[in-house]
1. Quick check: residue separation of Ala155 and Ser223 times 0.36 nm, minus the Cα distance between them. What number comes out in nm?
2. FRET efficiency for Val108 and Leu83, Cβ-Cβ distance as r, R0 = 30 Å, nearest 0.05?
3. Could you count how many Lys pairs in the chain have their Cα atoms under 15 Å apart, skipping same-chain pairs fewer than 8 positions apart?
4. Which value in nm describes the separation of the simple spin-label points at Phe20 and Lys37, placed 7 Å from the Cα toward the beta carbon?
5. Return the calculated 222 nm mean residue ellipticity for the chain, to the nearest 500 deg cm²/dmol, obtained by summing -39500 (n - 2.57) across DSSP H runs with n ≥ 4 and dividing by the residue count.
6. Report the relative contact order of segment 25-151, percent, no decimals, based on alpha-carbon pairs under 8 angstrom and at least 6 residues apart.
7. If contacts are Cα pairs under 8 angstrom and at least 6 residues apart, what is the relative contact order of segment 56-258 in percent?
8. Between the DSSP loop rule and a limit of at most 13 other Cβ atoms within 10 Å, which chymotrypsin sites (Phe, Trp or Tyr not before Pro) in segment 80-117 are left?
Amino acid sequence: MRSSLGQKLSVLYASLVYLFLYMPIAILILYSFNQSKLNAVWTGFTFDWYVKLMQNSDVLDAMKTSLIVALISTIAATMIGTLAAVGMYRYHFRGKTALDAMLYLPIVIPEIVMGISMLALFAQLQVPLGYLTLIAAHITFSVPFVVVVVRARLAGFDKSIEEAAMDLGATPWQTFVKVTMPVIAPGILASALLAFTLSIDDVIISFFVAGPASATLPLKIFSMVKFGVTPEINALSTLMLAVTLVIVIFAERLRMRKQ
């Protein structure tokens, strides 16, 4: 009896948690089809906001900027972070503990501190704010997350597989590409998705390092808040959610095939 009651309470608790997490997203999707410009009153169903979104050049340009910065920074951060994780996992050297601790600093320090520090650095180096500074900043705060995720995958890696490959005549590079990479590929993919999400979602650091011609979508939406966010943003968010869901499903299927 008590076990059945406890199970029901657990299900109820889990349902309330999921409701709390996903109800705002459901409301956002619903109001992207609302005829009214206000997000508080439902007046009817329409696709007009999706049509207007395709005609809003400012929002589309900001979205294009976000995608370009996110893709470039994700590729660079994933490559740098993966090599750093493999190197720190495989080799032991003096100062490794201190270097390992320093990798976590960009994760734990407040974003506003990192944004101000990046702005001060670019100002000291006299680098004009724009795409270059934006991409460099996004790579900087994404690399530690990649290192953490890939190292977690390497924690269960059996080094004897690499040793067996080299005993059979494989070079260190062939061992890395044909043995190590396939094993840690799910971790690399997960870290890349995390870096992409962090980049395309960032507001605070981008606010300090973006130039006038390189405003990202979060910055554009943030600037629109004072005038009122139209359902066009709801429509854009719904499309982004759909694309993200497709990517997550694809990544999960790929992960299942690797296992």
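1. Values: separation 68, 0.36 × 68 = 24.48 nm, distance 4.32 nm.
Going from the current span to full extension adds 20.2 nm.
2. Details: r = 23 Å, r/R0 = 0.76.
Working from the Cβ atoms, E equals 0.85.
3. Numbers: Lys37/Lys52; Lys64/Lys220; Lys159/Lys178; Lys178/Lys258.
The result is 4.
4. 3.6
5. Numbers: 13 runs with 198 residues, N = 259.
It comes out at -25000 deg cm²/dmol, rounded to the nearest 500.
6. Values: 82 pairs, mean separation 39.5, N = 127.
Once normalised by length, the contact order is 31 percent.
7. Working: 188 pairs, mean separation 71.7, N = 203.
Relative CO of segment 56-258 lands at 35 percent.
8. Details: sites: Tyr89, Tyr91, Phe93, Tyr104; in loops: Tyr91, Phe93, Tyr104.
Answer by residue number: Tyr91, Phe93, Tyr104.
Bear in mind these aren't lab numbers, they're just calculated from the coordinates by the rules spelled out. The model shown is predicted, which means the values in this text are computed figures rather than measured ones. Counting neighbours? That spans all protein chains shown, and the Cβs are built from the backbone with ideal geometry, glycine included.
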